[in-house]
Structure formats: C-alpha cells, structure tokens
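One structure is given below, encoded as structure tokens.
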Amino acid sequence: MKKVALTTLGCKTNQFETAAMKEALMLDGYEPVPFSAPADLYVINTCTVTAKTDAESRRLISRATRQNPAARIVVTGCYAQLESEKLSRLPGVSMVVGNNEKKRLVELLREAPDDKTSVTVSDMASESGAATLSVETFTEQTRAFLQIQNGCDAFCSYCIVPFARGRSRSVPFSEVIDAMKRLVEKGFREIVLTGIHLGGYGLDLKPKRALLDLLAEVEQSAIVERLRVGSIEPNEVSEDFIRFLAGSRHICPHLHLPLQSGSDIILGQMGRHYSSADITRLVNTLTLQVHDISIGFDIIAGFPGETEEDHHASMKLVAELPIAYLHVFPYSSRPGTRAAGMSGHLSPTVIKKRAEEFRVLGDGKKREFAARFLQKDLL
C-alpha cells in the first residue's frame, strides 16, 4: 500500500478540501501517514494570503523532498493557483494542481507523466458553479467541516483570494442538507460551515437562497446537534440573523467577524462596507441578545498609509468591545491587488510591532472571556 502525507496552510475551506483529497486517496488505496514521515506521495495544500505563507509552502516542499527524494510531490491551493509556473520549477515538485482541480486529484495522479512536472490549473474567473466535494470521514477530528460556498465578489483592496478562488459560488441547498445528514450518520455531533464568503451563500442559486434559510432548515429539522458558522462579514449580520441566533437551540453562539481595522479611514481604503460605529453597535447588540456569545475578529496590522492615530483607533475599539479573541495578520503586499499600488507602505519593523501589540491585546481578551466560565457547568 502506497503512503500519502498531506498538509494544509490557511483557512477552513482549505482544511475541508484537504480532507476531501485525503478521503479520495484512501479510497484509491493510499495509507495516510503524518507529514513528518516518509511517504510515496506528498500533497501540500497552500495559502497565499501573506508572503509568509508563500515562504512556508516552499519550505514544506523542500522538507518533503528531503524526506523522500523519490516521492511524488503535489502542490495545490491558492499559491499554486496563482503561481503555478513558479512552483513547477522548484526541485522535487511533480504536479501543480489548481483549486478547481482538487476534486480530480486521483485521476490526475493516474494520468500525469513520470518524467516531467505537470501543471493543471484552470481559470477561476470563468467558473460558475461550486465544486461539491464529498467528505464522509474526518480522521483525527471531533467535528466535521462542510464547505457550502467558494469564491468571493468583494475584491477588497488588500485581498488576492478572489483571483485565486474566483467569483462567489454556492453548493445547491439540497446537496448541503444531504451532506450534513451523511456526516451525522457518521457520528459527528458538530458541523462547521465553511466558505470563502459565507454570507454570500445562496445568492447565485436559482431560486435565490440565503445563509439564514439554510440555518433555519437545520434548526427546524434538528439535522445536527450543533452547527457552527464560520467567518461572516459584519455588514451581513442582520437583525433577523441576530434574533435567529439568539433563539436557536442548534446554532453555536459564536461568530467570527473579519473586522480588519478599527479606523474608518483605513476601512475606506480597504474597501470595507461598514464603520467603527457599525461594529460597535453590532457587537454590543450581539452580546446583549445572544447569551454567552463568543465573538472573534480578524485584524490586519500595518495597512499602507496607516498612521499611529489609525492604529490607536483600532486598538481602542478592540480594547473596548467584549470580544473573545483576535486573529492578527501583519499586512503583506500581494501583487495584483489595489493596495499593492498604494502609497505609504510601512516598514516591516513597524508592521511587526503593531501586530505584536494586537496579539498581546488578543491574548488578554481570550483570558478575560475564558475566565467568565470558571466554576460553571457548560453543555
């Protein structure tokens, strides 16, 4: 039996897609092993949100090559989607596979020549439907991830993801429900809904649906004991959504909001469609109406043109709001984005310092939130 080692960088969507590739490879006769172990096949599912993740992807390729110089090394994911030719020239790389081709990995492995590197990457801009990836087993996981949407239409000034993932595309409503039922039959008691722009779910379907329609169906039919919503845009958390979440028995009281900045000036430069006042109202309303809700923020530190005043405005906003944690990203210029051409790019030293200040603040928020539950029994 051939051995396969897989590793993932980046978002929950990537984690889901790695699980789907792993399952397909197992059904084809491969035995999964840790990425640190010798293997016949290595699959590296990359991310390209920052320069650091690009470098980490290259490091993992080198590591796999050292572990078994004779192994086949497959590079896929967003970095592979955007820099396929560059990655194909790295020593040891056997195949470069685009995001849309992940579902055909087993087939591509069978067809790929042994004597040269193959590149199979399609144009994501032309994609009009979401790929349905079937995942029936999540080894080493106590909960299952379910991808219901892919792509993004927002094109925020700093973000390369729409170019790597294409336009927003939704998995049909009935297919999502069927996939949930299969996961529950496998014994999972919690399912995490994932997507690149989850709040855009269903808007491209005919007839048009919405994420709230899906949540309501889960609630009414009690399909799964616990359903968790992944990241959702702040301006897509409506009053109806909040009321539903407050009264739900099955939707976890948890929302992850990609805030990105607490400065209205920087939010405008980023192309975000809300203000710091909007965020304050939203978080305070959620905290008031949804019992024990856990709210997390994404923050980008050191955006081009960000002054000390902008940074302090962000720090002050986060410090004053009752959130549970932060995910902090030092700004990283991505060629092809509007922000890459903006003036006022900050030095790496300043960006690193501001990111570290946010991380310290986030650690304090996490401790404060956890302390609320000491000596309490929780379900």
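The values are calculated or read from the model by the stated rules, or taken from the named source; none is laboratory data. The structure displayed is predicted, hence computed values, not measured ones. Neighbour counts run over all protein chains shown; Cβ positions are idealised from the backbone, glycine included. What goes into the accessible areas is simple: the full protein's heavy atoms, side chains included, and nothing from ligands, DNA or RNA. Shrake-Rupley method; radii C 1.70, N 1.55, O 1.52, S 1.80 Å.
Brief remarks follow.
- Scattering profile of the chain at q = 0.11, 0.12, 0.15 Å⁻¹ [log10 I(q)/I(0), Debye over alpha-carbon scatterers]: -0.84, -1.00, -1.46
- Cα gyration tensor shape for region 1-60, rounded if a/c is under 1.5, else prolate or oblate: oblate
- In order through region 266-274: 3J(HN,Hα) via Karplus (6.51 cos²θ - 1.76 cosθ + 1.60), integer Hz, x for Gly, Pro: 5, 4, x, 5, 6, x, 8, 10, 7
- The H on the amide N of Gln260, modeled in the peptide plane, is under 5 Å from the matching H of Asp298, Ile299, Ile300, each at least 5 residues off or on a different chain.
- Share of carbon and sulfur in the accessible heavy-atom surface of region 329-379 [1.4 Å probe, %]: 59 percent
- Computed over region 320-363: relative contact order in percent, which uses C-alpha pairs under 8 Å that are six or more apart: 61 percent
- Among the protein heavy atoms of region 89-128, carbon and sulfur supply 44% of the accessible surface, probe 1.4 Å, non-protein parts ignored.
- Computed label-point distance, nm, for sites Val360 and Thr142 using a 7 Å Cα→Cβ extension: 3.3 nm
- A straight chain from Ser122 to Arg89 at 0.36 nm per residue would run longer than the Cα-Cα distance by 10.0 nm.
- The label point for Val184 and the one for Glu225, both projected 7 Å from the Cα toward the Cβ, are 1.2 nm apart.
- Cβ-based net charge around Ile265, under 10 Å, with every Lys or Arg adding one and every Asp or Glu removing one: -4
- Amide H within-cut-off set for Arg334, under 5 Å, with H built and near neighbours excluded: Ala340
- Under 19 Å of direct C-alpha separation, and excluding same-chain neighbours fewer than eight residues apart, Lys103 reaches these aspartates and glutamates: Glu17, Glu23, Asp28, Glu31, Glu111, Asp123, Glu127, Glu136, Glu175, Asp178.
- Cα-based shape type of region 1-131, given that a ≥ b ≥ c are square roots of the gyration tensor eigenvalues and the cut on a/c is 1.5: rounded
- Across Lys2/Lys22; Lys12/Lys208; Lys12/Lys181, pairs whose alpha-carbon gap is larger than 23 Å: Lys12/Lys208
- List His250, His345, ordered by accessible area with a 1.4 Å probe, largest first: His345, His250
- Sites excluded, GluC sites (Glu not before Pro) in DSSP loops with at most 14 other C-beta within 10 Å, longest stretch of the chain: 226-379
- Mean accessible surface per residue for the chain, computed with a 1.4 Å probe while every protein chain stays in place, in Å²: 47 Å²
- Across region 219-324, the mean sequence separation of Cα contacts (distance under 8 Å, 6 or more residues apart), normalised by length, yields a relative contact order of 30 percent.
- Entry note, the chain: relative contact order of 11 percent, from Cα contacts under 8 Å with a spacing of 6+ residues.
- Only lysine pairs 8 or more places apart, or on different chains, with alpha-carbon atoms under 18 angstrom apart are counted in region 271-379, and they number 4.
- Summing Lys and Arg as +1 and Asp and Glu as -1 over all other residues whose Cβ lies under 12 Å from the Cβ of Val171 gives a net charge of -1.
- Taking only protein heavy atoms and a 1.4 Å probe, the accessible area of region 170-303 is 49% carbon and sulfur.
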